[in-house]
Amino acid sequence: MSRQHTFAIAHGPDWTHTLGKSTFLDVSLRQNYRKYQDRAYADAYDWRYDAATPPNEPVNDPASTGGEWTSPASTRSPTPIW
């Protein structure tokens, strides 16, 4: 049975500046971080991974998935959302 672990955090500052009685400027910056792990054993270098038989077809090969990577182990989105 595999062990799945997810860690995610989002943080950032907000700034509001009043320009007039009915005009204001609102700025918000955010950074999102997400780490996902799906392993059968806690250690990535466990010897039991090598003892397993090879898969029937490649798992993350762009040629077998239509040119796209299917499941990255870790994703990070440093792009600010406005």
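The values are calculated or read from the model by the stated rules, or taken from the named source; none is laboratory data. In this text, all values refer to a predicted model and were calculated from it rather than measured experimentally. With ideal geometry, Cβ positions are generated from the backbone for all residues, glycine too; neighbour counts draw on all protein chains shown.
Quickly run through segment 42-56 and pick out the residues that are closer than 18 Å to H5 by Cβ and modelled with pLDDT of 80 or more.
Going through segment 42-56, the residues closer than 18 Å to H5 by Cβ turn out to be 42-46, 49.
Result: D43, Y45, D46.
Looking only at residues that are loosely packed, with under 10 Cβ neighbours inside 10 Å and not hydroxyl-bearing (S, T, Y) in segment 2-12, which one is farthest from A42 (Cα to Cα)? Top of the filtered list is H11. Taking segment 14-41 as the range and being more than 30 Å from R3 (Cα to Cα) and either under 16 Å from the mean Cα position of the chain (by Cα) or part of a strand (DSSP E or B) (or both) as the test, the residues that pass are D14, W15, T16, H17, T18, F24, L25, D26, V27, S28.
So which residues in segment 13-52 are of a type in the set (D, E, K, R) and exposed (fewer than 10 other Cβ atoms within 10 Å of the Cβ), if there are any at all? Scanning segment 13-52 gives D14, K21, D26, D43, R48, D50.
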